[in-house]
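Below is one structure; the comments refer to it alone.
The values are calculated or read from the model by the stated rules, or taken from the named source; none is laboratory data. Keep in mind it's a predicted model, so treat the numbers as computed, not measured. Every residue, glycine among them, receives a Cβ derived from its backbone with ideal geometry; neighbour counts consider all protein chains shown.
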Amino acid sequence: MQREDLKQEYDIVIVGGGMVGTTLACALAAWGPTSALSVLIVDAQMPAHKSNKAGSNEREKASFDSRSTALSSSSKLILERFGLWPQLSAGVCPIKQIHVSDQGRFGATKLDSADFGVPALGYVVENAAFGAALNSTLAQLAHCAMLAPARVISATPSATGMDIELDSGQVDASCEPSRMAAKLLVIAEGGGSSLCDQLGITRSNEDYGQHALIANVGLSQSHKGVAFERFTNSGPLAMLPLLPVEGEPRASLVWTLGADDSEYYAALDDAELLARLQEKFGGRLGRLKRIGSRALYPLSLRVAQEQIRPGLVLLGNVAHTLHPVAGQGMNLSLRDIEALVEALSDIQDEGLGSMATLQRYLAAREADQSLMISV
């Protein structure tokens, strides 16, 4: 979308074009009562499918290092409800079994989807496939557009919602800021939101004193759809099943480590890290052949002290950032999205951004959010 195509007013402006913000836009378009709402997504980065020189909207070619998200069966139902699941199938690996063990102890706890009469206990979705499916859907929506790269530099409450000032100087430094109005502003730009800071929205921050080491691991044998969680003396270690790349089985490693251990393991070369990982994990997946690019994330629990204001709602990590081992961050956000779409479907005479509408949304979500935050 070009600057000159911007309208003076939108029903909803979403700040953040990641998985949460774009899923919300697609869900609004798919749901009858909200399908005609005008929606603008503003993101600071160019979407991957547009920045790619090939210019293709197709799913990015799978790479060994593709990052992934674990989705619950209830999240699958939500995505099906909004017509998004079928497009994800190319990048989904079902979790058929869950295997939980403790290093140094005999025995293990095993859960099998067959015992519960369900096709899978969960699904691991590659983020590249997720993002490509969302962007492909977004491109076909009549009432929804994305402006990127651009950012919202100010938001001021008004009688009808929020007055918004955009800076898209990343495209043309000579451009003056654009101004527009929104009946509802949704902030979904992740945990480090400068817009929340500008609005004076504070967030509690509990530092776990831990880091998550994340990487993909090449395997010598198939994982057969089994997700492993192993409690080691260095911290809990999860290996989630991924689709193979060029015939090579893969798993996604999420290893929670204390400060000292995280520095130690991060400094190891690939061969040394694989050896230590094999020692901790054992031979359940055969030989661990290779490890891809690593990421090390500091872990903390961050919760916004307010999620709604007149004309404003927070979604995703900016509202609540959870521990990744629980694997519930995106799942919780999808349930929030579903509830927000339902609340916006029944605004009566109150208005999209009215506190009555947004309080109904928050009341429907508080118990679930509190439970997940306390896990």
Near pairs, Cβ below 7 angstrom, 6+ apart or cross-chain, from segment 1-29 (among the β-branched types (Val, Ile, Thr) and in a loop (DSSP other than H, G, I, E, B)) to any residue that is surrounded by 24 or more Cβ atoms within 10 Å (Cβ to Cβ) and at pLDDT below 95: none
Matching residues, segment 290-309, being outside any strand (DSSP E or B), assigned by TED's automatic domain parsing to the domain that holds residue 196 and either acidic (Asp, Glu) or in contact with a Leu (Cβ under 8 Å, 6 or more places away or on another chain) (or both): 306, 307
Test for residue 365: is it under 30 Å from residue 158 (Cβ atoms), of a type in the set (Lys, Arg), part of a helix (DSSP H, G or I) and within 21 Å of the chain's Cα centre (by Cα): yes
Segment 169-190, subset buried (at least 20 other Cβ atoms within 10 Å of the Cβ) and not hydrophobic (A, V, I, L, M, F, W, C), residue modelled with the highest pLDDT: 183
Some residue of segment 101-120 being closer than 18 Å to residue 330 by Cβ and in contact (Cβ under 8 Å) with a residue 60 or more places away in the chain: yes
Segment 246-260, subset in a strand (DSSP E or B) and more than 15 Å from residue 285 (Cα to Cα), residue farthest from the chain's Cα centre (by Cα): 258
Answer residue from segment 25-55, given it is under 19 Å from residue 196 (Cα atoms) and either modelled with pLDDT of 90 or more or touching a helix residue (DSSP H, G or I) at 6+ places or on another chain (Cβ under 7 Å) (or both) and is surrounded by the fewest Cβ atoms within 10 Å (Cβ to Cβ) among those: 43
Flag for residue 165 being closer than 24 Å to residue 295 by Cα and assigned to a strand (DSSP E or B): no
Identity of the residue in segment 292-344, crowded, with 20+ Cβ neighbours inside 10 Å, modelled with pLDDT of 90 or more and out of contact with any Ser or Thr (no Cβ under 9 Å at 6 or more places or on another chain), that ends up farthest from residue 236 (Cα to Cα): 312
Residue 230 being outside the structural domain of residue 323 (by TED's automatic domain parsing) and buried (at least 19 other Cβ atoms within 10 Å of the Cβ): yes
Only one of 243, 219 that is in contact with a Cys (Cβ under 7 Å, 6 or more places away or on another chain) and under 18 Å from residue 286 (Cα atoms): 243
